[in-house]
Amino acid sequence: MYKTVFSYVGKYKKQAILTPITIMGEVAMEVLIPYVMANIIDKGVNKGDVGYVAKMGGVMVCMAIVSLFFGAIAGRFSAVAAVGFAKNLRGAMFRKVQEFSFSNVDKFSTASLTTRLTTDVTNLQNAFMMFIRMAFRAPIMLIFALIMAIRMNGKLSIVFLCVIPLIIIGAALILSNAHPRFKAMLAKYDDMNAKVQENLIGIRTVKAFVREDYEKKKFNDNTEAVRKAQVHAEKLVILSMPLMQMFMYITIISIVWFGSHMIVGGTMELGDLTSFITYVGQILMSLMMLSFLFMMFIISRASLQRIYEVLIEKPEIVSPASSEKEVADGSVSFRNVSFSYFKDMSNLALEKINVDIKSGETIGIIGGTGSSKTSLVQLIPRLYDATDGEVLVGGRNVKEYDLDALRNNVAMVLQKNVLFSGTIKENLKWGNPDATDDEIISACKSACAHDFIMNFPDGYETDLGQGGVNVSGGQKQRICIARALLKKPKIIILDDSTSAVDTATDSSIRTAFRENLADTTTFIIAQRISSVQDADRIIVMDDGKITDIGTHEELLITSAIYREVYESQQKGADE
Ligand SMILES: Nc1ncnc2c1ncn2[C@@H]1O[C@H](COP(=O)(O)OP(=O)(O)OP(=O)(O)O)[C@@H](O)[C@H]1O
Ligand SMILES: [Mg+2]
């Protein structure tokens, strides 16, 4: 786990290594300064040698400057290394997420992925910076200061032997309980981010339903949960501070006690005791740093694990090794296809689907909501894989195709489609980056989008705003259809893509499709019979199964469901 994640330090390794090296310079100075100090007091002050005091004072100032210099560049190196590491890590995670298939995203949830890419990386970045600054500094300082103290007065150093083990036991006890608490805290972060995300994406709906107060309350609950979890986790860790301080004062008091006895007894000089106390400070300081490091480690380990999970996630759907790049034609076959979102044959969204569709056919699909119409068609561009049976496109199993090639030939206008910020033209070019203006206009004419686009003052250069907020629902749908058409696909799937378009425009889109896209296999999922009635064949779906297939006229006779839907819609129209 550590190896995988920390390999993303990458080209910032140089700074990461230079940090502890420069810090060693800083530590060396810090450790030597009290030694010089002791000399000044014992040899200079006590003997009244002003010259000596001035000389050694100068040396001390120089050492302080050198120490400051090393400290400053170490700070810079560690910051550069940690920020670079975070950038690399985020980049790697983002690239990984782009490879995810829908089921991978379902598994993590978008909110959790957001937390992992933001908060978790920040946690790890901070821990990494602390680590390269302190992981060497603390033990080196501890060892040097211990050596100097023992050299100065071995007897007095016995105090450390008693205190250090106590400190280690205390810290270990506190921190071993903290890890699960931090994990729980991050899960609460996920919930909070989910709430924010949902609210911001649906802000218009929230306002339309005057749900602001309810949303505020829910968000309040989420932040309260984060607060509680965080307090619960941190209050353990915070305990280590007073504990350390207590040990620090106990140590200093005992050293002053024993030290003053030694001075009175003539076995120690005053200067030595002053310096000894400075070393005590350094030793306890480095122990404190070590326990702080340990704490960072605990906090960041939960984050590290969550980052690692994203990095090692296997994209569910990938191109096979020797993949087919060409899709022969637009024929589609379902052979005994069953599908479950949970890979569970007892919880099926689609059950034993068998149907053969010729290239160039227009297929209507009708069925109640939740009857698995979307589930059926999304198997064609391999947005999900069939759980059982096989789906064939152009006579080959979809799993044999190169994913990009398959998806370029199977254009799907999703039910919940999105436009991105940018101009209309930029959005259309998602379908085909090399499309000429003529191609763009012709696709927009087929999708009945050209006229309304030209009515905007900026035409095709109109800026859409984030998520395409500047166009109406029906206009958005038509831009999405045009975007799919620009791919010049062999198969085009319209999943309820004209639901927000008036019947007259809907009908002219279908006429344009018949005239311009005669060779393209077209799937039209719709709620309105009028949208599918002139299709070559219509599939009637109910509860994950195909109940009937046929033309409009045939189905009126053979399919009870179809007849019922038709009659209810006719009645509505007649009235
Ligand atoms: N990502 C998903 N994870 C789990 N279950 C899902 C998922 N998407 C859809 N389902 C379930 O699968 C079933 C079929 O859904 P599907 O979206 O295919 O219906 P549909 O016929 O397209 O409905 P609609 O007309 O409302 O679009 C539903 O019961 C739904 O709850
Ligand atoms: Mg659907």
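The values are calculated or read from the model by the stated rules, or taken from the named source; none is laboratory data. Here the structure is a predicted model, which means the values were calculated and not measured. Cβ placement follows ideal geometry from the backbone for every residue including glycine, while neighbour counts extend to all protein chains displayed.
Data overview
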quantity: Among (1) away from ligand 1 (no atom under 16 Å from the Cβ); (2) of a type in the set (S, T, N, Q); (3) crowded, with 17+ Cβ neighbours inside 10 Å, the one test that Gln477 misses; calculated: (1)
quantity: Residue within region 295-312 that is surrounded by 15 or more Cβ atoms within 10 Å (Cβ to Cβ) and part of a loop (DSSP other than H, G, I, E, B) present; calculated: no
quantity: Pick from region 317-347, criterion more than 16 Å from ligand 2 (Cβ to nearest atom) and outside any loop (DSSP other than H, G, I, E, B), ranking: nearest to Asp402 (Cα to Cα); calculated: Glu324
quantity: Among the residues listed as Ile539, Ile561, Ile509, the single one being at pLDDT 95 or above, of a type in the set (A, V, I, L, M, F, W, C) and either under 45 Å from the mean Cα position of the chain (by Cα) or more than 17 Å from Thr362 (Cβ to Cβ) (or both); calculated: Ile539
quantity: Condition met for Met63 (assigned to a helix (DSSP H, G or I), within 30 Å of Tyr341 (Cα to Cα), touching a helix residue (DSSP H, G or I) at 6+ places or on another chain (Cβ under 6 Å) and assigned by TED's automatic domain parsing to the domain that holds Ala145); calculated: no
quantity: Subset of region 440-461 (residues that are surrounded by fewer than 18 Cβ atoms within 10 Å (Cβ to Cβ) and either in contact with a Ser or Thr (Cβ under 9 Å, 6 or more places away or on another chain) or under 14 Å from Glu426 (Cβ atoms) (or both)); calculated: Phe452, Phe456, Asp458, Gly459, Glu461
quantity: Selection status of Ala386, more than 16 Å from ligand 2 (Cβ to nearest atom) and touching a strand residue (DSSP E or B) at 6+ places or on another chain (Cβ under 7 Å); calculated: yes
quantity: Flag if Val53 is part of a helix (DSSP H, G or I), within 20 Å of Ile132 (Cα to Cα) and hydrophobic (A, V, I, L, M, F, W, C); calculated: no
quantity: Verdict on Asp496 being within 16 Å of ligand 2 (Cβ to nearest atom), charged (D, E, K, R) and closer than 26 Å to Gly360 by Cα; calculated: yes
quantity: Val159 vs. criteria surrounded by fewer than 18 Cβ atoms within 10 Å (Cβ to Cβ) and of a type in the set (A, V, I, L, M, F, W, C); calculated: no
quantity: Any chance Ile365 is at pLDDT 95 or above, touching a helix residue (DSSP H, G or I) at 6+ places or on another chain (Cβ under 7 Å) and within 24 Å of Arg335 (Cα to Cα); calculated: yes
quantity: Condition broken by Leu414, with the remaining ones in (1) under 25 Å from Ser497 (Cα atoms); (2) more than 16 Å from ligand 2 (Cβ to nearest atom) satisfied; calculated: (2)
quantity: Cross-chain or 6+ apart pairs with Cβ under 8 Å, region 359-376 first and assigned by TED's automatic domain parsing to the domain that holds Ile492, then polar (S, T, N, Q) and assigned to a strand (DSSP E or B); calculated: Ser359/Thr521; Gly360/Thr521; Glu361/Thr521; Glu361/Thr522; Thr362/Thr521; Thr362/Thr522; Ile363/Thr521; Ile363/Thr522
quantity: Residue in region 16-47 that is modelled with the lowest pLDDT, counting only those that are surrounded by 18 or more Cβ atoms within 10 Å (Cβ to Cβ) and among the acidic types (Asp, Glu); calculated: Glu30
quantity: Some residue of region 334-350 being acidic (Asp, Glu) and surrounded by 15 or more Cβ atoms within 10 Å (Cβ to Cβ); calculated: no
quantity: Strands (runs of 3 or more DSSP E) enclosed by region 490-544 - at least 2 residues per element that are in contact (Cβ under 8 Å) with a residue 60 or more places away in the chain and more than 16 Å from ligand 1 (Cβ to nearest atom); calculated: 491-495, 521-525
quantity: From the options Ile549, Ile557, Ile561, residue that is away from ligand 1 (no atom under 15 Å from the Cβ), assigned to a helix (DSSP H, G or I) and either β-branched (Val, Ile, Thr) or not assigned by TED's automatic domain parsing to the domain that holds Gly360 (or both); calculated: Ile557
quantity: Tabulated pairs, region 390-416, first within 16 Å of ligand 1 (Cβ to nearest atom), second assigned to a loop (DSSP other than H, G, I, E, B), C-beta under 6 angstrom, 6+ apart or interchain; calculated: Val391/Leu379; Met412/Pro381; Val413/Ser497; Gln415/Asp496
quantity: Helices (runs of 4 or more DSSP H) contained in region 101-218 and holding at least 1 residues under 30 Å from Arg382 (Cα atoms) and under 23 Å from the mean Cα position of the chain (by Cα); calculated: 102-108, 110-115, 178-201
quantity: Set Asn397, Asn354: member being surrounded by fewer than 18 Cβ atoms within 10 Å (Cβ to Cβ) and either farther than 20 Å from Ala328 by Cβ or outside the structural domain of Gln533 (by TED's automatic domain parsing) (or both); calculated: Asn354
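Residue by residue, here is whether (1) of a type outside the set (S, T, N, Q); (2) exposed (fewer than 14 other Cβ atoms within 10 Å of the Cβ); (3) at pLDDT 90 or above holds:
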{"site": "Tyr52", "(1), (2), (3)": "yes, no, no"}
{"site": "Cys62", "(1), (2), (3)": "yes, yes, yes"}
{"site": "Ala74", "(1), (2), (3)": "yes, no, yes"}
{"site": "Leu89", "(1), (2), (3)": "yes, no, yes"}
{"site": "Ala111", "(1), (2), (3)": "yes, no, no"}
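Every residue, every condition in (1) of a type in the set (Asp, Glu); (2) farther than 26 Å from Ala111 by Cβ; (3) assigned by TED's automatic domain parsing to the domain that holds Met296, yes or no:
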{"position": "Leu146", "(1), (2), (3)": "no, yes, yes"}
{"position": "Arg151", "(1), (2), (3)": "no, yes, yes"}
{"position": "Asn177", "(1), (2), (3)": "no, yes, yes"}
{"position": "Glu198", "(1), (2), (3)": "yes, no, yes"}
{"position": "Asp213", "(1), (2), (3)": "yes, no, yes"}
{"position": "Val226", "(1), (2), (3)": "no, no, yes"}
{"position": "Ile253", "(1), (2), (3)": "no, yes, yes"}
